[in-house]
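Here the structure comes first, spelled out in structure tokens, and everything after it is commentary.
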Amino acid sequence: PAGEGGGLDLRELLRALARGGVTRVMAEGGAGLAAGLLAADLVDRIAWFHAPGTMGAEGHPALGPLHLQALAAMPRFRRLAARAAGADWLTEYERGAE
């Protein structure tokens, strides 16, 4: 289903999946998909794998623009856990203020 700007209508896509019995989705698709899901308020949990290093502007962004009108509109999540995953880290969050 097409959405605004010719991209996918993420709400309609998730509704179609729900009609087919799919009630949980793990989305791993890049900064644009992550921003689209967050902007549409479709994220309940985040599992963030990250390395103990920095790349600066040369790296690939984890999140695209959210086009927030105010800082208070920022999506908020509460950290559930943080643990080593090999040389990297896995930090898990759920929807809601910390």
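The values are calculated or read from the model by the stated rules, or taken from the named source; none is laboratory data. Because the structure is predicted, anything quoted here is derived from the model rather than measured. All Cβ positions, even for glycine, are placed from backbone atoms using ideal geometry, and neighbour counts span all protein chains on display. Calculation scope for accessible area: heavy atoms of the full protein, side chains included, ligands and nucleic acids excluded. Shrake-Rupley method; radii C 1.70, N 1.55, O 1.52, S 1.80 Å.
Tabulated results
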{"item": "Enumeration of residues in the range 43-63 that are closer than 24 Å to residue 8 by Cβ and either open to solvent by less than 60 Å² (accessible area, probe 1.4 Å) or among the basic types (Lys, Arg) (or both)", "result": "43, 45, 46"}
{"item": "Index of the failed condition, residue 72 passing every other in (1) among the aliphatic types (A, V, I, L, M); (2) open to solvent by less than 60 Å² (accessible area, probe 1.4 Å); (3) assigned to a helix (DSSP H, G or I)", "result": "(2)"}
{"item": "Residue within the range 1-24 that is surrounded by 11 or more Cβ atoms within 10 Å (Cβ to Cβ), under 26 Å from residue 96 (Cβ atoms) and touching a His at 6+ places or on another chain (Cβ under 9 Å) present", "result": "no"}
{"item": "Residues that are of a type outside the set (Lys, Arg) and open to solvent by 50 Å² or more (accessible area, probe 1.4 Å), drawn from the range 75-92", "result": "80, 82, 84, 86, 87, 88, 89"}
{"item": "Some residue of the range 33-42 being open to solvent by less than 100 Å² (accessible area, probe 1.4 Å), assigned to a loop (DSSP other than H, G, I, E, B) and among the acidic types (Asp, Glu)", "result": "yes"}
